[in-house]
Structure formats: C-alpha cells, structure tokens
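First the structure, in the form of structure tokens, and then the observations on it.
Each value in this text was obtained by applying a stated rule to the coordinates, not by laboratory testing. Here the structure is a predicted model, which means the values were calculated and not measured. Note that we place each Cβ from the backbone using ideal geometry, even for glycine, and neighbour counts take in every protein chain shown.
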Amino acid sequence: SDSYFPVPNNPSDCDWKEHFPAFFKDNASEVESGKPANDEAKSEVRSSESGAVVPSFPAEKSVPKVRFADIGCGFGGLLVKLSVLYPDKLMVGMELRDKVSEYVKERILALRLKYSGQYENISCLRTNAMKYLPNYFEKGQLEKMFFLFPDPHFKEKNHRRRIISQALLAEYAYIMAIGGIIYTITDVEELGEWMKSNLDAHPLFEPLSEAELAKDPVVDLLTSATEEGQKVARNSGETYRAIYRRIASAV
Ligand code: SAM
C-alpha cells in the first residue's frame, strides 16, 4: 500500500465534483434548486438522556459537502444502503487497498447506470485514513463517521496502528460536527473493549442511550449492510458496538 495515490493539500483542494457530478451540475444555484429538501435534518434533532439538546444539522446550501465518511469501507455495502436512506447527503468511503477502492468505484458507477438518478450521492476514494483525514475534511464537517469491523492489530506492539486511539479521536472530533455520530463495531471482543474505552476516555464524545440506538435506522445496517457484518452473522458470531456522539467541549 506504499504505492502512489494523490492526496489533496487541504479540504478546499478536494475535487468532489468528480465524485458527485450530479450534485455539481453547472453552478451552485442549480445544485440548490435541484436538490431534494433536507427533511432528514429534522429527524436528527434529539435530546440525550442527560437532557442536553443536540442541534439539528442545517439543510445544505450552495455547494454541498460530504457529510458521512465510511472509514475502511471495504466493498462498500454500507454506502449502498445509506445512499437510499439519506439521498441528499454526500458520503464517501475511504479505503486503503487500491483494488478494493477501484471495485467500489465501479460498483457505484454500475448502480448509477442501472438506477438512473440514484446512487449519485456516494463515492469512494483511496487513501490512508489514519494519515490524511484533515486533508479532506474541514473542522465540523462530518455528521457521521463509520469504523466498521476495522483491522484488529492484535499484538500489543501493534495497538498504535489501531484506527481508534486518543490521538486519532482528537482528529475525528475536529472534523466532526457537534452532535455528529461515530459508529464503531467489531467481532473481536478485545478490540470492542478498546474502542469503547477510548471513546469513554475522550472528553468530546458521549455514548448514545439505548433509546437513541433503538431509534437510529443506521444501527441495524452496521451488521446487515457491511460485507464483514454479513460474514459474522452467517457464522452466528457476536459483535461489539460503541456508538458515540460528538459533544461540545465543556468550557
Ligand atoms: N468496513 C468494511 C466492512 O465492514 O465490511 C470492511 C472491513 S475490513 C475488515 C477493514 C478495511 O479497512 C479493509 O478493507 C482495509 O483495507 C481498510 N483499511 C485498513 N486501514 C486503513 C486505513 N488506514 N485507511 C483506509 N482504509 C483502511
């Protein structure tokens, strides 16, 4: 995975138009009028059990931005399902393996051809998400981040390679919107505990309540839509979830 792939210098250098041509037709105003109303933003208004009111996300204006990122997206199953659930949200899968990212791009192009007007809001790019996320996303940009069945890196000396850590959570908190949700799941119990304890230890994340998890349509997709989740389900394996909200820092 040391071979070359282009990395933008900063978020304004990202060519999202290439990824989502239907959302960037000729100019920003066309995008605005051509897009469906953002009804889903309202459903994001939630109050946590602690009584804290979580702000809704504003409807997209002018040039839309990527709001969901599936980190280590593998073969893209989650993106395909999320695409129809949130048709007005732009979302990107980030995948380190060249062939896998190419497969996902082709899968999406084939879906766009088969179902005209659909699947225009999902895309995939090859990158090392542990190194370059701030090159793609600006402060507060992402409303959802997914870390689904990440590589476990079992050996203690390799724990620093895990994609959830205090240092990386600080980076994820920076690019996430207040009220945004980070979804993690694994079938490796020890990694599940690791992700949960790292999220618990971080001051900018709080767990969703059971009631909130039950209401969130995305939660079931973590296993049913991902290729890894389907594999675990076929083998009747256990999964361990940690789903947290990005909160404002206490001043
Ligand atoms: N999330 C998918 C699913 O649940 O089906 C794939 C899970 S797979 C076990 C983990 C994926 O993360 C692999 O496809 C791997 O190439 C990718 N990956 C590992 N490290 C990465 C990194 N630093 N940046 C981007 N992708 C990475």
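Taking R0 as 22 Å, what FRET efficiency do you get between R160 and F5 from their Cβ-Cβ distance, rounded to the nearest 0.05?
Once rounded, the FRET efficiency stands at 0.45.
Given the peptides 230-238, 218-226, arrange them by the average over their residues of other C-beta atoms within 10 Å, most packed first.
218-226, 230-238
May I ask for the equivalent-ellipsoid semi-axes of the chain, computed as the square root of five times each C-alpha gyration tensor eigenvalue and listed largest first in whole Å?
The equivalent ellipsoid of the chain has semi-axes of 26, 22, 19 Å.
Pick from T239, T127, T184: which residue has the top mean-square fluctuation in a GNM of the chain where Cα pairs under 10 Å get a spring?
Checking each option, the largest mean-square fluctuation is seen for T239.
Among M195, M176, M130, which one shows the biggest mean-square fluctuation in a GNM of the chain, springs joining Cα atoms closer than 10 Å?
In this elastic network of the chain, the residue with the biggest mean-square fluctuation among M195, M176, M130 is M130.
Calculate the spin-label point distance for E210 paired with S249, positioning each point 7 Å from the Cα along the beta-carbon direction, and give it in nanometres.
For the pair S249/E210, the computed spacing is 3.4 nm.
Per-residue ellipticity at 222 nm for the chain, helices alone: DSSP H runs ≥ 4 residues times -39500 (n - 2.57), over residue total, nearest 500 deg cm²/dmol?
-10000 deg cm²/dmol
Say we join alpha carbon atoms closer than 10 Å with springs in a Gaussian network model of the chain; which of E189, E95, E206 then has the biggest fluctuation?
E189
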